[in-house]
C-alpha cells in the first residue's frame with residue numbers, strides 16, 4: 001500500500017516567513033514537516049502549551065545563536081496547517097510571547113474555517 005502524504009496549507013505569511021529564514025533552518029523545518037505529512041511524529045515536534053492537547057505542535061530549531069519556531073496543527077485528518085513561523089526575539093525565557101500565541105489562535109480559527117470549506 002502506498003504511503004499517503006498529506007498536503008500542507010500555509011496560513012497567512014507562514015511560507016514567506018519560512019523562506020526568509022536561513023537555508024539550514026528551512027531545510028530542517030521542511031524535513032520535519034515532511035515527516036509529519038507522512039504520518040510520523042518526529043521527536044523535534046512538541047505540543048504547544050495552551051492549545052488543549054497535542055493537535056497544535058511546535059518545532060524549535062536553534063541555529064547560529066538564534067531560535068526559530070514553526071507551529072502547525074494536525075487537528076484535521078487530511079491536511080497539515082502551518083500556523084506560524086517566526087524567530088524568537090526574547091532574550092530570556094522559553095515561553096512563546098503573548099502576541100505570537102494570539103496570532104496562532106487566530107490562524108487556527110482560520111484553518112478551521114478553511115477545513116469546513118474544503119468539506120463542502
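Does region 40-60 hold any residues that are buried (at least 19 other Cβ atoms within 10 Å of the Cβ) and either within 12 Å of the chain's Cα centre (by Cα) or part of a strand (DSSP E or B) (or both), and which are they? Show your work before the answer.
Of all residues in region 40-60, those buried (at least 19 other Cβ atoms within 10 Å of the Cβ) come to 45, 48, 51, 56-59.
Across region 40-60, the qualifying residues are 45, 48, 56, 57, 58, 59.
Criterion first (part of a helix (DSSP H, G or I) and either modelled with pLDDT of 95 or more or surrounded by 12 or more Cβ atoms within 10 Å (Cβ to Cβ) (or both)) does residue 85 satisfy it? Before the answer, list the steps.
Details: part of a helix (DSSP H, G or I): no; either modelled with pLDDT of 95 or more or surrounded by 12 or more Cβ atoms within 10 Å (Cβ to Cβ) (or both): yes.
Against the criterion (part of a helix (DSSP H, G or I) and either modelled with pLDDT of 95 or more or surrounded by 12 or more Cβ atoms within 10 Å (Cβ to Cβ) (or both)), residue 85 does not qualify.
Suppose we keep only residues that are without any contact (Cβ under 8 Å) to a residue 40 or more places away in the chain and either surrounded by 13 or more Cβ atoms within 10 Å (Cβ to Cβ) or within 20 Å of residue 76 (Cβ to Cβ) (or both) within region 1-12. Which one would you say is farthest from the chain's Cα centre (by Cα)? So that I can check it myself, show each step before the final result.
Step one: list which residues in region 1-12 are without any contact (Cβ under 8 Å) to a residue 40 or more places away in the chain, which gives 1-5.
From what's left, either surrounded by 13 or more Cβ atoms within 10 Å (Cβ to Cβ) or within 20 Å of residue 76 (Cβ to Cβ) (or both): 3-5.
Details: 3: 22, 4: 20, 5: 16 Å.
Result: 3.
If we scan region 75-85, do we find a residue that is without any contact (Cβ under 8 Å) to a residue 24 or more places away in the chain and within 10 Å of the chain's Cα centre (by Cα)? Give the steps one after another, and end with the answer.
Quick first cut of region 75-85, residues without any contact (Cβ under 8 Å) to a residue 24 or more places away in the chain only: 77.
Next, only the ones that are within 10 Å of the chain's Cα centre (by Cα) stay: none.
No, region 75-85 has no match at all.
Is it true that residue 28 is in contact with a strand residue (DSSP E or B) (Cβ under 8 Å, 6 or more places away or on another chain), free of Cβ contacts under 8 Å to residues at least 24 places away in the same chain, surrounded by 12 or more Cβ atoms within 10 Å (Cβ to Cβ) and over 12 Å from residue 82 (Cα atoms)?
Details: in contact with a strand residue (DSSP E or B) (Cβ under 8 Å, 6 or more places away or on another chain): yes; free of Cβ contacts under 8 Å to residues at least 24 places away in the same chain: no; surrounded by 12 or more Cβ atoms within 10 Å (Cβ to Cβ): yes; over 12 Å from residue 82 (Cα atoms): yes.
No: the conditions fail for residue 28.
The values are calculated or read from the model by the stated rules, or taken from the named source; none is laboratory data. Because the structure is predicted, anything quoted here is derived from the model rather than measured. All Cβ positions, glycine included, derive from the backbone under ideal geometry; neighbour counts span all protein chains shown.
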